[in-house]
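Derivation of every value follows stated rules applied to the coordinates shown; laboratory data play no part. It should be emphasised that the depicted structure is a prediction, and the values quoted were computed from it without experimental measurement. Every residue, glycine as well, gets a Cβ built from its backbone with ideal geometry; the counts of neighbours run over all protein chains shown.
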Amino acid sequence: MQPVHVIGGGLAGSEAAWQIASRGVPVVIHEMRPGRMTPAHKTGALAELVCSNSFRSDDRESSAVGLLHQEMRRLGSLIMRTGDANQVPAGGALAVDRDGFATEITAALERHPLITIAREEIDGLPPAGWDQVIVATGPLTSPALADAIRGLTGEAALAFFDAIAPIVHRASIDRSVAWFQSRYDKPGPGGTGADYINCPLGRDQYEAFVDALVAGDKTAFHSWEAATPYFDGCLPIEVMAERGRETLRHGPMKPFGLTNPAMPQQKPYAVVQLRQDNRLGTLFNMVGFQTKLKHGEQTRIFRTIPALERAEFARLGGVHRNTFLNSPRLLDRTLRLSAMPRLRFAGQITGCEGYVESAAIGLLAGRFAAAHRLGEPVSLPPPTTAHGALINHITGGHIDTIDSGPSSFQPMNVNFGLFPPIGRGASRGPDGTRLTGTAKATARKRGLTSRALADLDRWIAGEQVAAAE
């Protein structure tokens, strides 16, 4: 049996390869690292996490990404299995030890008898003899391959900037000022409800910090990068500060749900949260502090935060350019490139945003490719599921026509706005009374998630029947 070729060993490519091999189909992963590195990666490990160590909320009842986690677990996801095995405390989120996670993913793929890992760059269109290829090269696709894809499609790739947050050594944090607590004391997978280090700021300290961010020396971009926008889910901290003096207090520095036990009556004006970044608990990530400040400025400005005056940084923040396809125009419903159907795409390059979303699209691309190779029907996940909602967003399956301009399509995290509406019954309580406000919103989310998991289970059962026939 001919192998399926997967270009890219990030989260999407790793998950795609695992799904293909799990169906008994051989697969070759082509990964250019460590021979050729990217501006964001530091190692040659597969599925290396470069921006954050968090997979975000693991709440399957009220969070769309938490629902996606649960769906992926039911679909045999290697990424979720390994994430669960390498979790570190993070309140209601699923965060992982990034080194342990990547090491375990790499080992699992290396020892699978149907998976071959080729450490090489694919610097153009794949050879004609590769009849099934998944391109999962992520936001940092090599220029040669990106140019080849651009020439094939006749469309310019869209682009935006992602920014990376700094990581601090725990031992350098002043614990006489900071305290451990999760927002609203919410525990989470592997957590206790006291999983973040909280660094408080008074009003004057906050105002001075905002001034410093706005005035700080930033990384200069090339002229061809000047018009590239940021993805709103990953804005640099100084860009948020420029949008208004209170923006940070209602974003990553919000003080709500946090009380310093040493001074319970004195509420902080703003709070910087640090989330555990490795299993040992020696490194902590500055939550929401993605930045394009120059390295010297980062050290100077971030050390003005109380509790971080003597902070030692294991990694400083940075910026990298992110590219993605105008997927609704270029891809079919099973992620194949219309101009060359032997090519499928997966992960961030398709226009999904986030670690989990990228892995989920890799999971689907792998399942589609395996079914195709085995001569089985390729079935789409129901649109009521998180996987189906993502596919609809990427391929335009949720609308009848696609706007011709590239501005009609932007990368997006999974969210409940992508799901088909739930029936009116979800807005009523068990006794039939009409719900309002928070109770109504909670009931709606639970209705969406319970429907999604029921429909997913039916889809899985249907695929199993089709494979057996």
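The stretch between Arg458 and Leu280, if pulled fully straight at 0.36 nm per residue, gains 60.0 nm over its current Cα-Cα span.
Near Gly24: Cβ cut-off under 12 Å, other residues only, Lys/Arg at +1 and Asp/Glu at -1. The net charge is +1.
In this Cβ point-charge picture (+1 for Lys and Arg, -1 for Asp and Glu), region 136-260 has a dipole of about 420 debye about its Cα centre. Apply the a/c threshold of 1.5 to the C-alpha gyration tensor of region 1-92 and tell me whether it is rounded, prolate or oblate. Since a/c reaches 1.5 but b/c is at least a/b, the shape of region 1-92 is classed as oblate.
Give me the extension gain from Glu246 to Arg81: residue separation times 0.36 nm, minus the current Cα-Cα distance, reported in nm with one decimal.
Values: separation 165, 0.36 × 165 = 59.40 nm, distance 3.93 nm.
Extra length available between Glu246 and Arg81 comes to 55.5 nm.
Counting only DSSP H runs of at least 4 residues, each contributing -39500 (n - 2.57), and dividing by the residue count of the chain, the helix-based mean residue ellipticity at 222 nm comes to -10000 deg cm²/dmol. Charge dipole (Cα centre; +1 on Lys/Arg Cβ, -1 on Asp/Glu Cβ; no other charges) of the chain amounts to roughly 880 debye. Taking Cα atoms only, the orientation of helix 11-22 departs from the longest principal axis of the chain by about 40 degrees. Sequentially through region 378-387, phi angles give Karplus couplings (6.51, -1.76, 1.60; θ = phi - 60°) of 8, 10, 8, x, x, x, 7, 8, 5, 5 Hz, Gly and Pro residues having no value and appearing as x.
Taking a straight Cα-Cα cut-off under 19 Å and skipping sequence neighbours fewer than 8 places away in the same chain, the aspartates and glutamates within cross-link reach of Lys186 are Asp58, Asp59, Glu61, Asp84, Asp195, Asp277. With R₀ set to 45 Å, the beta-carbon distance separating Ser176 from Arg73 gives a calculated FRET efficiency near 0.65. Suppose R0 equals 60 Å; then what is the FRET efficiency for Ala262 and Gln410 from their Cβ-Cβ distance, rounded to the nearest 0.05? The formula returns an efficiency of 0.85 here. Less than 5 angstrom separates the built amide H of Phe55 from those of Leu94, Ala95, Val96, all sequence-distant by 5 or more or on a different chain.
For Glu309 and Ser450, compute 0.36 nm times the residue count separating them, minus their Cα-Cα distance, and round to one decimal in nm. Mind dumping the intermediate values first?
Values: separation 141, 0.36 × 141 = 50.76 nm, distance 4.70 nm.
Extra length from Glu309 to Ser450 when fully extended: 46.1 nm.
Taking amide H atoms as placed 1.01 Å from N in the peptide plane, the amide H of Ser182 lies under 5 Å from those of Ala194, Asp195, Tyr196, each 5 or more residues away in sequence or on another chain.
Taking θ as phi - 60° and the Karplus parameters 6.51, -1.76 and 1.60, the scalar couplings of region 449-457 work out to 6, 5, 4, 4, 5, 5, 5, 5, 4 Hz in sequence order, x denoting glycine and proline.
Taken as Cα centroids, region 271-320 and region 90-121 sit 25 Å apart, rounded to the nearest whole angstrom. Hydrodynamic estimate: the Kirkwood radius of the chain over Cα pairs, inserted into Stokes-Einstein at 4 °C and 1.567 mPa s, corresponds to D of 56 µm²/s. Considering only Gly193, Thr291, Ala307, the residue lying farthest towards the positive end of the dipole of the chain is Gly193, judged by Cα position with unit charges set on Cβ.
Bridging of Lys440 to lysines at a Cα separation below 21 Å is possible for none of them, once same-chain residues fewer than 8 apart are set aside. Taking a ≥ b ≥ c as the square roots of the eigenvalues of the alpha-carbon gyration tensor, region 143-248 is classed prolate because a/c is 1.5 or more and a/b outweighs b/c.
Scanning residues 5 or more positions from Arg315 or on other chains, those with amide H under 5 Å from its amide H are Ile167, with H placed 1.01 Å from N in the peptide plane. With R₀ set to 60 Å, the beta-carbon distance separating Val214 from Ala468 gives a calculated FRET efficiency near 0.45. For the chain, take the longest principal axis of its alpha carbons; what is the angle in degrees between that and the long axis of helix 98-111, to the nearest 10 within 0 to 90? Approximately 20 degrees, to the nearest ten.
The residue among Gly317, Leu68, Val6 whose Cα reaches farthest toward the positive pole of the charge dipole of the chain, with charges on the beta-carbon of Lys, Arg, Asp and Glu, is Leu68.
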